[in-house]
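Below is one structure, written out as structure tokens, with a few remarks after it.
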Amino acid sequence: MDDLKTGMIFDIQRCSMYDGPGIRTTVFLKGCPLSCKWCHNPESQRPLSELAFYADKCVRCGKCGEICPDVHKLSARTHKVHYQNCKACGRCESVCPVHALKLIGKTYQIKEVMDILRKDIPYFASAGGGLTISGGEPFSQYIFLKELLQHAKAENIHTCIETSGFTTREKIDGVLPYTDLFLFDYKVTSPELHRQFTGVDNHMILENFRYLYSRSQAVILRCPIIPGYNDTEDHFRAICDMERQYPNLTGIEIMPYHSLGREKAAAVNKAYEITTPTADDTVKKQWKRQLKTFGASDALLKSF
Ligand code: SF4
Ligand code: SF4
């Protein structure tokens with residue numbers, strides 16, 4: 001094992017309750033081969049560091065413009081950011097008094113992540129939690145992913161990967177000995193629509209899911225539902241079919257869309273075409289009715 005290996009991480013969230021069982025520390029790796037239209041972490045998609053500018057926080061003090069005039073162009077009423085000129089050095093982040101600038105993605109060594117993880121071991125022990133590696137797509141930094149999992153398992157920490165499933169069989173085999181649980185996305189049923197909405201079709205993803213299941217790995221199938229995109233009868237029916245067809249799944253959950261990604265995309269100058277509002281209770285009730293019609297279990301209906 002090599003604790004000097006480095007990875008590009010855009011966030012580490014401690015005490016997370018949503019990324020697997022118990023209280024977890026979630027490490028978000030940067031870079032993703034997919035480009036889901038509803039991505040809730042659009043700042044994760046590019047593999048390298050990048051600048052985020054939160055316009056609503058900016059008080060136009062001008063400090064960033066003084067140190068980096070090629071990127072930050074300020075006038076009395078506006079602050080335009082010329083992202084294409086940014087070298088992602090992070091100097092402007094450090095002078096901004098109101099945290100309107102942030103460098104997304106920093107390089108960490110394994111040992112730095114492990115130092116953070118070790119502080120949380122008492123919480124893991126008391127609440128049955130552990131490490132979750134999310135993204136982006138964790139497999140896009142396979143070497144770092146595997147190394148981090150190995151280090152965590154060496155200290156008896158429960159490990160979980162949150163994945164789109166878009167990776168090779170070899171990489172899945174590489175992490176299996178060190179992974180206790182997969183949170184595996186099931187986004188769209190039709191391969192064509194999957195490509196249209198995420199940039200890739202779902203052939204390899206479903207192959208990988210079936211492979212994990214056949215190896216009796218613990219898998220929670222997570223189904224993001226986005227109004228107007230995949231809240232279709234066909235997809236709901238397919239989710240219920242999956243639940244019946246794979247009775248030994250550790251779980252199957254609906255993940256209703258929320259619109260947080262829109263602001264985050266704007267901050268890193270990324271297009272975000274979805275205008276759908278966050279799924280509210282009325283929409284969710286309607287989904288539950290439909291899913292029930294197709295035979296969803298109580299557990300699935302209670303997952304959202
Ligand atoms: S991150 Fe560096 S290069 Fe980019 S805008 Fe800030 S100071 Fe300029
Ligand atoms: S330093 Fe921060 S508050 Fe000041 S102009 Fe730049 S982004 Fe706005």
Kindly indicate whether Ala267 is assigned by TED's automatic domain parsing to the domain that holds Phe294, buried (at least 17 other Cβ atoms within 10 Å of the Cβ), touching a strand residue (DSSP E or B) at 6+ places or on another chain (Cβ under 6 Å) and modelled with pLDDT under 95. no
For segment 242-255, give me each residue that is open to solvent by less than 70 Å² (accessible area, probe 1.4 Å) and either outside any strand (DSSP E or B) or over 17 Å from Ser297 (Cα atoms) (or both). Met242, Glu243, Tyr246, Leu249
Which of the numbered conditions does Gly31 fail, given that it passes all the others? Conditions: (1) of a type outside the set (S, T, N, Q); (2) touching a residue at least 12 places away in the same chain (Cβ under 8 Å); (3) open to solvent by 20 Å² or more (accessible area, probe 1.4 Å); (4) part of a loop (DSSP other than H, G, I, E, B). (3)
Meets criteria (more than 14 Å from Leu34 (Cα to Cα) and either surrounded by fewer than 20 Cβ atoms within 10 Å (Cβ to Cβ) or among the hydroxyl-bearing types (Ser, Thr, Tyr) (or both)) for Arg118: yes
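The values are calculated or read from the model by the stated rules, or taken from the named source; none is laboratory data. Since the model is a prediction, treat every value here as computed from it, not as a measurement. Every residue, glycine among them, receives a Cβ derived from its backbone with ideal geometry; neighbour counts consider all protein chains shown. Protein only, heavy atoms only, side chains kept; ligands, DNA and RNA dropped before computing areas. Shrake-Rupley method; radii C 1.70, N 1.55, O 1.52, S 1.80 Å.
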